[in-house]
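See structure below.
The values are calculated or read from the model by the stated rules, or taken from the named source; none is laboratory data. Here the structure is a predicted model, which is why all the values come from computation and not from measurement. All Cβ positions, glycine included, derive from the backbone under ideal geometry; neighbour counts span all protein chains shown.
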Amino acid sequence: MSAPRHSFGKEKHLRKKREIDALFANGAPRVSFSGLTARYAKNGLMNSRIAIANGRRWGCAPERNRVRRIAREVFRVWVSVPRDTQGCVDIVVTQYAALRGVSGSEIAHRVRRLFDQIK
């Protein structure tokens, strides 16, 4: 028997600009850890969603996309673990230049620690 698949479908993406802007405008709770910040709010849906925000000044596209891929994978695993205290939330992760030159496993560790701080 194979392990259950936890895909990262469209329902897990926070895509609409107005929904992302609402997290910034409404003073959503914020947690930070070592070059990453996450704003989050309960969404009232049956699943959690994520958006990863970074500016073009952060680096070239492969550097930005690398952190996005790692954050999405950590999120996918984080959501698949049942938690009593975690409702379904919308999360916007912002990354800072402190992550430049950091190994992929260290970025994954930092993202995991960031998500674990979300209440």
Q: Please state which one of Ser32, Ser2, Ser48 is at pLDDT below 85 and hydroxyl-bearing (Ser, Thr, Tyr).
A: Ser2
Q | Qualifying positions in segment 22-55 - buried (at least 17 other Cβ atoms within 10 Å of the Cβ), among the charged types (D, E, K, R) and either out of contact with any Pro (no Cβ under 8 Å at 6 or more places or on another chain) or in contact (Cβ under 8 Å) with a residue 60 or more places away in the chain (or both) | A | Arg49
